[in-house]
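What follows is a set of notes on a single structure, which appears directly below.
Quick note: the coordinates plus some simple rules give every number you see, no bench work behind them. Because the structure is a prediction, the values reported are computed rather than measured. Don't worry about glycine lacking a Cβ; one is built from the backbone with ideal geometry, like all the others, and counts go over all protein chains shown.
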């Protein structure tokens, strides 16, 4: 077995879900991984990783709207607002989602469902450069 690693740099444009499946699949192809396990970790407190419907954009819109309604900005009970109105809600959204994912690799492909994709979910209003730590356990 081999342990492979890289860091993906993903530029966001503010709030929303950015599909990163192809970035991960490209790394697996470059490493010639046929069988193994893919580990992803996002070292940020105001963004997250999610698997979701990747075929129909309306599903992505509904998820983004759900989180806007679940953790809206400008609530008078928020105390953590030093970085702006999106400060507390971005952290709340991150606690409800994930900072890491583990996905099997079979026959050179991520073992995702037919319509499933991997997304970086940016919770801040302004653009950010996010790092996704990609680790792969390659079976020889």
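Structural remarks
- Residue within the stretch 49-63 that is touching a helix residue (DSSP H, G or I) at 6+ places or on another chain (Cβ under 9 Å) and closer than 12 Å to residue 123 by Cα present: no
- The residues in the stretch 14-34 that are closer than 27 Å to residue 94 by Cβ and either in a strand (DSSP E or B) or in contact with a strand residue (DSSP E or B) (Cβ under 8 Å, 6 or more places away or on another chain) (or both) can be counted, and the count is 13.
- Unique residue being more than 16 Å from the chain's Cα centre (by Cα), within 14 Å of residue 119 (Cβ to Cβ) and not in a strand (DSSP E or B) when the list is 62, 76: 62
- Residues of the stretch 35-52 that are surrounded by 19 or more Cβ atoms within 10 Å (Cβ to Cβ) and assigned to a strand (DSSP E or B): 36, 38, 40, 47, 48, 49.
- Checking the stretch 53-69 against the condition returns a match, with at least one residue being surrounded by fewer than 16 Cβ atoms within 10 Å (Cβ to Cβ) and touching a residue at least 60 places away in the same chain (Cβ under 8 Å).
- Residues of the stretch 81-140 that turn out to be in contact (Cβ under 8 Å) with a residue 24 or more places away in the chain, more than 17 Å from residue 48 (Cα to Cα), outside any strand (DSSP E or B) and in contact with a strand residue (DSSP E or B) (Cβ under 6 Å, 6 or more places away or on another chain), as a count: 2
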